[in-house]
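The values are calculated or read from the model by the stated rules, or taken from the named source; none is laboratory data. Just so it is clear, the structure is predicted and the values come from calculations on it, not from any experiment. Counting neighbours? That spans all protein chains shown, and the Cβs are built from the backbone with ideal geometry, glycine included. Surface accessibility is based on the protein's heavy atoms, side chains included, excluding ligands, DNA and RNA. Shrake-Rupley method; radii C 1.70, N 1.55, O 1.52, S 1.80 Å.
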Amino acid sequence: MLNARLRSAKTSSLERERALRASEERFRLLVGGVQDYAIFMLDPTGHVVSWNAGAQRIKGYTADEIIGKHVASFYTPEDVAAHAPERVLKTARREGRVEVEGWRVRKNGSRFIANVVITAIYDDQGALSGFAKVTRDITVRKQAEEALRAGEARLAGIIDSAMDAIITLDGEQRIVVFNDAAEEMFGCRVQDIVGHTIDRFLPPSARPNHAEYIRAFGATGVTNRSMHSPGVLVALRADGTTFPIEASISQVDAAGQKLYTVIIRDVTERKRAEEALTQQTATLKEQAQLLDLAYDAIMVHDLEQGTIALWNRGAEAMYQWTQAEALGKSSHSLLQTQFPIALQEIKAIVAQEGAWEGELIHTRKDGHQVTVSSRWALRPAETDGAMAILEINRDVTERKRAEAERAALLIREQTARAEAEAAVHTRDVFLSIAAHELRTPLTALLGYAYGLQRRAQRQGGVGEREQRGLASITAQATRLNKLIEALLDLSRLQLGRFALDLQPTNLAALTRRVVDEVQSQLELHTIQLEAPQEVQVRGDDLRLEQVLHNLLNNAVKYSPRGGTIQVDVQQGLGRVFLSVTDQGMGIPETELPFVFSQFYRAANVDPRRISGLGIGLYVVHEIVTRHGGTITVESREGQGSRFVVSLPEIDTAAAERSDGDRPAVDNIPNAADEQTTSA
Ligand code: ADP
């Protein structure tokens, strides 16, 4: 129908035809030389009726080749199949103008992206006379645009998936890009920050210099540099906390506008790790120093071979092998270790319990042996998986030697003591036997001497010389008898055969009796006695008499001729006190503590002038103590001595109250722990 209308227009108006031709001519002249645009005309049915240089250049056809061909020649087969050419022309006819972009095909089959503007042309009567079509090859631009879009997307992707914070600032140092990592790192959202300066992410102290730093960087023209600071670079989070960072800055000129991009990495973790490492290194150094400070030999070796991996100064000093000599050697063979049990057993214990302790004998470099107290502990070796032994050895050679010496000494002492005790026992037994054996003939001797003396006195006929001789025999034999009695007492005490026959007794009467007896034998000394009528004690009469005899004899023996001896019996506080005081030579103060010891004789006594055994006071002390009493001495050298015996008094009233079977001795307190004191 369209063709019919055009045909009718042609035939109907020659004038119009001419006008069209003129117009086409003008058009041809105008567009003919245009190179960048394909400009051509289509008749109302879409056939090419004109062709310019641009069309030839873009589409590859010469005018001869294409004029008369349908516009569909330029479309892809797919578009043709979809009736795209007809649809476009229809739209152009309806709308007057249509602009489309799409793939077109050149003569040689290659494709390009075209921007096509089709304008419907009408004659004076308003009838469609054809189409003007202007086509531009926009492939390059499209591809560039496409590439740019892809690039931007890719870049945006990179920026947003980056682990580092990426912040781009414009020429006025205002934030234009703030990626996801930056949001997370600084704790704020991009919308709150775009357009602001970067100052809010710097600690206040860093702010004044920062803008100037960036400006100066801009001026250098250097494209990229890492940012430095005298210390660690620190950034500020929105919540006010700070963290260490590493940052680099780059700059680009975009359309005359400077853009700075700062890439920031949070190095908190790394710094922490670095610090931990530094600290660990320091600790290790310190440990090494400590190891070297120790006097103990410290070594590390593997469990199997004993190969030495650590050897401290203490080990160098103890074994004389230097670290260089020891490392890598087997400790067992280097030190010729002597183990208390099989090494295999030790290994088994260490493997099972993680530790072992014992004594080892090591040989030093110079061949000397060292006894060490050794501690082993299992620990992981430096090399993966393996186990090592930490061995700490303390030199106990000296201690061992000292211990052995002490033990030997102890044994020697014990032996000596046993021997001494045996000797003392033998002596005591001998003493006992000897004394008994001596006493029998001596008693007989004394009996005969007395008998002779008495007969001579009665019958006369014996010269004065013989009389003196007999008296002397009696006196010496009596003295000998006393000595033997003293020795017998001593041996009885030593052998535990010293028995007492304790009975209630009147100590005052006993004292009077002994004093009278002794006084009767004295020519030059006077004994003064002060005693109550009766003082009851529980005692062995003979032994108590022996005590008094001893004290009186000593008082006579150790005081000058003509001296007075004072004897007192007193009672008080449930005790009876019997004291013997002389004005003799006295006892040196420093010797007083030993007066009651066996065989003691004071230093101020000349044994050639005054005979004695040093047994008497010892026996006296024993007797008094066994009576539940005490004996004390006060003395001053050159002035005299006083011996005081204290015995528990029997409460006579209580004794009378009690029935006859009940012995009064019950009232005697146990005085075994009463102290014997010296003045
Ligand atoms: P002996 O008189 O046989 O030496 P004793 O055991 O009786 O032994 O006395 C021990 C020592 O105590 C005496 O040797 C003497 O030195 C000293 N001694 C004892 N009694 C007196 C005293 N009354 N005056 C001075 N010294 C005394």
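Miscellaneous remarks
- Compared with the direct C-alpha span, the chain from ASP170 to GLN503 gains 106.9 nm at full extension, assuming 0.36 nm per residue.
- Within the accessible area of the chain, the carbon and sulfur atoms contribute 53%, probe 1.4 Å, all protein chains present.
- Helical content alone sets the calculated 222 nm signal of the chain at -14500 deg cm²/dmol, taking -39,500 (n - 2.57) per DSSP H segment of four or more residues and averaging over every residue.
- Residues whose amide H lies under 5 Å from that of TYR122, counting only those 5 or more places away or on a different chain, are SER129; hydrogens are built 1.01 Å from N in the peptide plane.
- Per residue, the chain exposes 58 Å² of accessible surface when a 1.4 Å probe is rolled over the protein heavy atoms with every protein chain present.
- Spin-label zone in segment 295-326 - amide nitrogen under 11 Å from a point set 7 Å from the Cα of THR397 along the C-beta vector: 318-320
- Directionally averaged projected area (segment 274-348, Cα convex hull): 6.3 nm².
- Per-residue HN-Hα couplings for segment 261-267 [Karplus 6.51, -1.76, 1.60; θ = phi - 60°; Hz; x = Gly/Pro]: 10, 10, 10, 10, 10, 7, 10
- As a ratio to 2.2 N^0.38 Å, the alpha-carbon radius of gyration computed for segment 401-476 takes the value 2.26.
- The distance between label points at ALA351 and GLN457 comes to 10.5 nm (points 7 Å beyond Cα on the Cα→Cβ vector).
- Neighbourhood net charge (12 Å Cβ-Cβ; Lys/Arg +1, Asp/Glu -1) for ASN115: +1
- Backbone phi angles across segment 110-121, fed through the Karplus curve with coefficients 6.51, -1.76 and 1.60 (θ = phi - 60°), yield HN-Hα couplings of 6, 10, 8, 8, 10, 9, 10, 10, 10, 10, 7, 10 Hz in residue order; Gly and Pro are listed as x.
- Surface/4 estimate of mean projected area, convex hull on alpha-carbon atoms of the chain, nm²: 79.5
- Segment 211-329 pair-distance distribution - Cα-Cα, 5 Å bins, rounded %: 2, 9, 12, 12, 9, 8, 6, 5, 6, 7, 7, 6, 5, 3, 1, 0, 0
- Ellipsoid fit via the Cα gyration tensor, segment 101-212: semi-axes of 54, 18, 12 Å, each the root of five times an eigenvalue, largest first.
- Over segment 467-547, the reciprocal of the mean inverse Cα-Cα separation, the Kirkwood hydrodynamic radius, stands at 15.2 Å.
- From the C-alpha gyration tensor of segment 497-678, square roots of 5λ in Å: 29, 18, 14
- Size descriptor, Kirkwood hydrodynamic radius, that averages inverse alpha-carbon separations across segment 18-137, Å: 14.3
- Dimensionless Rg over Rh [segment 190-229; C-alpha; Kirkwood]: 1.01
- Additional length obtainable on full extension of the chain from ALA162 to ARG57, 0.36 nm per residue less Cα span: 33.1 nm
- Sequentially through segment 616-625, phi angles give Karplus couplings (6.51, -1.76, 1.60; θ = phi - 60°) of x, 5, 4, 5, 4, 4, 4, 4, 4, 4 Hz, Gly and Pro residues having no value and appearing as x.
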